[in-house]
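Here is the structure we will look at.
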Amino acid sequence: SWLRRFAVAACPRDMLEEMDKLVFLRELGAGEWDLSALPAQRVTTLARWVQAASNQALAQSSPERRYPALLAFAALRVVEVTDELVDLFDKLLGDTNAKARKRLGDYQQSIAAAANDKVLLLAEIARVLLDPDLEDDNRLAALFAAVPKGPLAAALADCERIARPADNSHIDLLGDHYSKLRQCVPRLLEVLTFHSHRDAHELLAGIEVLRELNRTGRRKVPRDAPLTFVPKAWMPFVVSGPDTVSRRFWELALLWRLRDGLRSGDVWVAGSRRYADPETYLLGRERWAEMRSDYCAAVGRPGSGAERIAALGRELDEELASFAGMLVRGEGPVRLDGDRLVVGRDTGDDLPASVKQFKALVGEVFPQVELAEVVIAIDSVCGFSKHLLHAGGAKNRSPAMLIHLYAAILAQATNLGPVAMARASGLSYDQVAHATAWYLREETLTPAIDEVVNYHHRLPAARVWGDGTFASSDGQRFPVQVKAANAGALPRYFGFGRGLSVLTSVTDHYATFGTKVIPRGPGGRACSG
């Protein structure tokens, strides 16, 4: 059960536990086992069976099934734990960054009154010093008459107390979290192996220097340690004087740039699936060399990247010229108001009375049905339930199990959960929970949803809204009541509660074909054709 558990929080304790799992699996050799003789889907099925099965079920299974399943589970968990570690590292830095920003905001609020007093005092001093009616020899006396030395000295002491670095960033506050990060980061750098396709990558060189510092216990950063990866905003904190490098902020800058490199794909992790070598997602170089000319001819694109960039540059110039002409003429939805660019509001079109009447007529034609009846009816015409396979590979399914599956699907879709669904459906909790645990997984739900979307796409009525080649994606936020590693603070939506951001993709047929949990952050939208 230890290996089957996932981390619930991005904290040093949970990360260290995940590293223990990864080291244990590697000592078994799980990362080097060659399971290519088995289809990838079969390996996943065996691993998922081990994940869901109880210890008793594993012990009672035949050796011919138990041992291959355990091998598949261990091999898959090596990859999953590696990905999970990188995700936790990313989230740990994100949480640390958010805490530092919050502390800065709270501090600025706490000194707002004192800062305003100093602004008023500065204005008073400036008025005296810049008074044109005063002689230069009398200005100092006039200044102390307006602002006595005692209050001025107190104001100076207060300014020194509340003063922040010149750029007023939160970087210095990140240093207060250094000791917490040190609880897990040194071991993380030893457990994970980072690569890049860039020669002499300064970030990887910095990681090697930090590993050596951790191994030897040295505290001072070597004089020849790389600094080119340090962002400009961090440099005043990293380099505090000639040949003086702050170990704390140099290491923090390295970690933040490592996170950026992992996000962009500039740095990748050995043994990872989610943070793998970007070239593994592409055609091989030799294969691309064979296909390049035929592919470019088929899509009508030049074989040279430079030619394509030049063509796009000319296209951009033409569009910008057209846009500039529209601004000069004052036509269109965008206009210039002085030096401000103003985008007019889209007023929309009011529905004609005939459309409203037709909408009411259609609403009267459709019968009022129960939600469960809709799920059963859709399955009867498109057969999405055939993709909901048992994690253990069981083929036989009783009619009663199909009812349990429908209840489990509705429990997940409506966020009721198995307890409330059991009460509403007349089934037992164990029946709903069993169907959820053994049949509803990402690898089964994805093809089931695809089956529904494809059926919907083939309907003649769906063509009224479009041809199905245009899609839009939008972020949604959902509250999370339990402790989860991928949940974070979303105060704008849930106050002190935590939640998830989910990116949902919808076709112009109004069919949801993709859902992905994304790191928390500002909501976004995207359109694609």
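Just so you know, all these numbers are worked out from the coordinates, no wet-lab data involved. Here the structure is a predicted model, which means the values were calculated and not measured. In this analysis, Cβ positions are derived from the backbone assuming ideal geometry, glycine residues included, and neighbour counts consider all displayed protein chains.
The slack in the chain from L129 to C296, taken as 0.36 nm per residue of separation less the alpha-carbon distance, amounts to 52.9 nm. The loop-placed trypsin sites (Lys or Arg not before Pro) in segment 450-492, going by DSSP, that have at most 16 neighbouring Cβ atoms within 10 Å of their Cβ come out as K483.
Taking a sphere under 10 Å around the Cβ of V502 and counting the other residues whose Cβ falls inside, with K and R at +1 and D and E at -1, yields a net charge of +1.
Applying 1/(1 + (r/R0)^6) with R0 = 35 Å to the Cβ-Cβ distance of L282 and F323, what FRET efficiency is obtained, to the nearest 0.05? Write out the running numbers ahead of the final one.
Numbers: r = 35 Å, r/R0 = 0.99.
After rounding, the FRET efficiency stands at 0.50.
Mind putting a number on the dipole of segment 358-458 about its Cα centre? Charges go on the C-beta only, +1 for Lys and Arg and -1 for Asp and Glu, and I need it in Debye to the nearest 20.
Numbers: 7 positive and 9 negative charges, 27 e Å.
The calculation lands at about 120 debye.
Packing order of peptides 303-316, 382-395, highest average first: 382-395, 303-316 (average count of other Cβ atoms within 10 Å over each peptide's residues). Dipole of segment 269-338 computed with +1 at Lys/Arg Cβ and -1 at Asp/Glu Cβ about the Cα centre; of V328, A276, A289, farthest Cα towards the positive end is A276.
Each Lys or Arg adds one and each Asp or Glu subtracts one; over the other residues with Cβ under 9 Å from the Cβ of A146, this totals 0. Note on W33 and A400: the model spin-label points, each 7 Å out from Cα along the C-beta direction, lie 3.6 nm apart. Once the Cα atoms are used to define both axes, helix 285-299 deviates from the longest principal axis of the chain by about 90 degrees. A Förster radius of 45 Å combined with the Cβ-Cβ distance from K102 to R42 puts the calculated FRET efficiency at roughly 0.40. The value given for the chain is a Kirkwood hydrodynamic radius of 29.8 Å, derived from the mean inverse Cα-Cα separation.
Among 322-330, 24-32, 12-20, what's the highest-first ranking by average C-beta atoms within 10 angstrom per residue? Mind dumping the intermediate values first?
Details: 322-330: 10.7, 24-32: 15.0, 12-20: 17.8.
Averaged packing, sorted descending, gives the order 12-20, 24-32, 322-330.
Could you list the residues of segment 38-71 with an amide nitrogen less than 13 Å from a label point located 7 Å from the Cα of A437 in the Cα-to-C-beta direction? Answer for segment 38-71: 49-58.
Work out the FRET efficiency for T512 and A484 from their Cβ-Cβ distance, taking R0 = 22 Å, and round it to the nearest 0.05. Please report the intermediate quantities before stating the final value.
Values: r = 22 Å, r/R0 = 1.02.
The pair T512/A484 has a calculated efficiency of 0.45.
To the nearest ten degrees, helix 429-439 and the longest principal axis of the Cα atoms of the chain are 80 degrees apart.
Over all alpha-carbon pairs in segment 231-321, figure out the percentage whose distance exceeds 14 Å. All intermediate terms of the calculation are to be shown ahead of the outcome.
Working: 3230 of 4095 pairs.
The calculated P(r) of segment 231-321 puts 79 percent of pairs beyond 14 Å.
The angle between the Cα long axis of helix 63-110 and the longest principal axis of the Cα atoms of the chain comes to about 30 degrees, rounded to the nearest 10. Take the Cα radius of gyration of segment 1-106 and divide it by 2.2 N^0.38 Å, N being the number of residues; the result is 1.34. Model label sites at F366 and D337, defined 7 Å from Cα along the beta-carbon direction, differ in position by 4.0 nm. When only the Cβ of Lys, Arg, Asp and Glu is charged (+1, +1, -1, -1), the dipole of the chain relative to its Cα centre reaches about 1720 debye.
Tell me the mean residue ellipticity at 222 nm calculated for the chain from its helices only (DSSP H runs of n ≥ 4, each -39500 (n - 2.57), averaged over every residue, nearest 500).
Values: 22 runs with 300 residues, N = 529.
After summing the helix terms and dividing by residue count, I get -18000 deg cm²/dmol.
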